[in-house]
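Please read the structure below before turning to the comments.
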Amino acid sequence: MTATLDSYSLVAIYSAMAIYVLAFVLFAVDLAKRSANSHVSSDQLGMSEKQLAAASGSVATLERTRVAASVPSYGLERIAFALTVLATVLHVAAVVLRGVAQGFVPWANMFEFSLTSSAIVAVVFVLLQFWQDLRFLGAYIVGGLLITLGVATVNFYVPVKPLPDALDSYWLVIHVFVAASGTALFAIGAALSLLQLLQARRESSGKGIGFLRTLPRAVRLENSAYLVTVVGFVFWTFTLVAGAIWAERAWGRYWGWDTKEVWTFIIWVVYAGYIHARATRGWRGTRSAWLALIGFASVLFNYIVVNQFFKGLHSYSGL
């Protein structure tokens with residue numbers, strides 16, 4: 001029964017990946033069309049203004065309205081997002097099936113953590129649309145999900161096996177789930193910060209990738225990145241505290257300078273510096289964006305390098 005449920009979980013993963021591929025292609029095509037249409041619309045508006053320079057203000061206004069109305073809606077983006085939602089449902093189903101097969105939460109090794117954390121990223125991305133339209137991040141988010149799932153299934157997969165004694169605790173549910181949620185928010189915040197840098201460059205120099213003309217201004221991207229990152233920081237703070245409490249229960253001490261503990265703290269310090277510098281030192285614009293990207297680079301280092309190549313009490317990768 002366990003092996004059957006695990007195989008169903010793998011089928012759900014591969015099905016989700018196939019749909020994610022379609023969504024990624026459509027998101028990418030949508031960005032390409034945005035670039036092309038933004039150039040066309042700008043050219044049309046420029047021609048209209050030149051042709052109507054001698055005309056009355058009312059005629060010029062009418063022409064601008066017609067040009068603005070001719071800008072196409074982004075239908076491919078909506079289809080891509082619908083596919084992303086469908087893939088997310090299959091992705092979450094894969095997590096649930098793996099958990100039922102194991103008899104406990106499925107994030108006890110690198111394969112399971114990659115599967116679950118990427119599912120949380122997908123769910124957070126979908127839910128954030130109720131707060132603000134961030135579908136323009138689709139190619140970035142879905143591309144990251146595909147890479148994570150691809151590496152997990154090829155390099156990290158391990159069959160279902162019993163939990164190590166140190167992980168057989170309800171703290172595993174709390175600690176890792178909150179850490180994965182914080183990571184998801186940091187990933188989205190980093191994407192917004194990267195777009196902020198590109199948008200700020202375009203706004204200052206007039207040069208940049210065409211699709212940036214269809215996105216919010218740099219200030220709005222920065223504010224959105226800050227809000228998402230602050231919530232992620234709250235999750236990460238809880239992760240640090242919960243990890244210390246669990247460490248005392250499991251190993252008899254709150255802090256032992258284990259590599260994983262140190263890097264969790266380093267990530268917390270970087271993001272604390274980002275929030276402090278922006279809130280009290282007036283670090284706005286490119287400086288705050290770079291701090292957010294450095295923070296997410298630390299998260300990736302912790303996930304990719306520390307989990308695989310550093311030995312310690314947190315060496316539960318299963319590899």
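The values are calculated or read from the model by the stated rules, or taken from the named source; none is laboratory data. Here the structure is a predicted model, which is why all the values come from computation and not from measurement. Cβ atoms come from the backbone with ideal geometry, glycine included; neighbour counts cover every protein chain shown. Calculation scope for accessible area: heavy atoms of the full protein, side chains included, ligands and nucleic acids excluded. Shrake-Rupley method; radii C 1.70, N 1.55, O 1.52, S 1.80 Å.
Could you tell me whether the range 258-276 includes any residue that is part of a helix (DSSP H, G or I), within 29 Å of Trp171 (Cβ to Cβ) and among the basic types (Lys, Arg)?
Looking for residues that are part of a helix (DSSP H, G or I), within 29 Å of Trp171 (Cβ to Cβ) and among the basic types (Lys, Arg), one finds at least one in the range 258-276, hence yes.
Only one of Ala108, Ala187 is surrounded by 18 or more Cβ atoms within 10 Å (Cβ to Cβ), touching a residue at least 12 places away in the same chain (Cβ under 8 Å) and in a helix (DSSP H, G or I); which? Before you say what the answer is, go through the steps one by one.
Details: Ala108 fails: in a helix (DSSP H, G or I).
Exactly one of Ala108, Ala187 is surrounded by 18 or more Cβ atoms within 10 Å (Cβ to Cβ), touching a residue at least 12 places away in the same chain (Cβ under 8 Å) and in a helix (DSSP H, G or I), namely Ala187.
For the range 243-292, which residues satisfy the criterion of being under 27 Å from Leu195 (Cβ atoms), open to solvent by 60 Å² or more (accessible area, probe 1.4 Å) and among the charged types (D, E, K, R)?
Scanning the range 243-292 gives Arg281, Arg284, Arg287.
Could you check, for the range 217-229, whether at least one of its residues is of a type in the set (D, E, K, R), within 19 Å of the chain's Cα centre (by Cα) and either outside any loop (DSSP other than H, G, I, E, B) or farther than 19 Å from Tyr303 by Cβ (or both)?
So the first thing to find is which residues in the range 217-229 are of a type in the set (D, E, K, R), and the list is 217, 220, 222.
Of the ones still in play, those that are also within 19 Å of the chain's Cα centre (by Cα) are 220, 222.
Next, only the ones that are either outside any loop (DSSP other than H, G, I, E, B) or farther than 19 Å from Tyr303 by Cβ (or both) stay: 220, 222.
Checked against the condition, which is being of a type in the set (D, E, K, R), within 19 Å of the chain's Cα centre (by Cα) and either outside any loop (DSSP other than H, G, I, E, B) or farther than 19 Å from Tyr303 by Cβ (or both), the range 217-229 yields at least one hit.
Looking only at the range 142-184, how many residues end up being modelled with pLDDT of 85 or more, open to solvent by less than 40 Å² (accessible area, probe 1.4 Å) and among the polar types (S, T, N, Q)?
Qualifying residue count, the range 142-184: 4.
Under the condition of being among the small types (Gly, Ala, Ser), open to solvent by less than 40 Å² (accessible area, probe 1.4 Å) and at pLDDT 95 or above, which residue from the range 8-39 is farthest from Val151 (Cα to Cα)?
The qualifying residue farthest from Val151 (Cα to Cα) is Ala23.
Mind checking which residues of the range 111-141 are under 14 Å from the mean Cα position of the chain (by Cα), open to solvent by 10 Å² or more (accessible area, probe 1.4 Å) and of a type in the set (Phe, Trp, Tyr)?
Phe136, Tyr140
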